[in-house]
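Structure first, commentary second.
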């Protein structure tokens, strides 16, 4: 069966469900987990931006997003250790979250991706998009989608 799960997280209450469910599944299967956090790149400067102020804001953004990613991964790691599931954590900065999830799953040698979906419906997907739907379309790996 499955031996290595990729679990994309964003620190939300919804992704907490993915972490709990994936830990239960991994424990039952004797599998390991790679948790993955994708953080946004710094916003681009706009016309008239002060280069010094932009550099400072970009540095603050990088520090803030790295701290957030590490907090999410450390929280998951503590839960994984508590239930005895081998754990690896990764994070990247990207604006192409769907591609980053698929690429990380392949690079890490995962054989299942566990994701949650907001279940917004067609109108919500039109407005906000769906990372889950895009990962399904791009990945050759099976996905376990939680709602």
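Bear in mind that the values in this text are calculations on the coordinates, not laboratory data. Values in this document were obtained by computation on a predicted structure and should not be read as measured data. Positions of Cβ are backbone-derived with ideal geometry, glycine not excepted, and every protein chain shown enters the neighbour counts.
If one takes the longest principal axis of the Cα atoms in the chain, at what angle in degrees, from 0 to 90 and to the nearest 10, does the Cα axis of helix 97-108 lie?
50
State, to one decimal in nm, how far the label point of residue 81 lies from the label point of residue 94, with both points 7 Å from Cα in the Cβ direction.
It is 2.8 nm.
To the nearest 10 degrees, how steeply does helix 13-29 sit against the main Cα axis of the chain, on a 0 to 90 scale?
30
Any chance you could give the angle, 0 to 90 degrees and rounded to 10, that helix 51-83 forms with the longest Cα principal axis of the chain?
With rounding to tens, the tilt is 10 degrees.
For the pair residue 63 and residue 12, how long in nm is the line joining their label points, each one 7 Å along Cα→Cβ?
Modelled inter-label distance: 2.8 nm.
Is it possible to state the helix-based mean residue ellipticity at 222 nm for the chain, with each DSSP H run of 4+ residues giving -39500 (n - 2.57), the sum divided by total residues, to the nearest 500 deg cm²/dmol? What is it? Present the calculation step by step, with values, prior to reporting the outcome.
On the way: 5 runs with 78 residues, N = 147.
Here the helix-only value at 222 nm equals -17500 deg cm²/dmol.
Which entry is the computed Kirkwood radius over Cα pairs in Å for this structure: (i) 16.3; (ii) 15.2; (iii) 19.4?
Read-out taken from this structure: (i).
Taking Cα centroids, how far is segment 1-47 from segment 50-95 in Å?
So the two Cα centres are separated by 12 Å.
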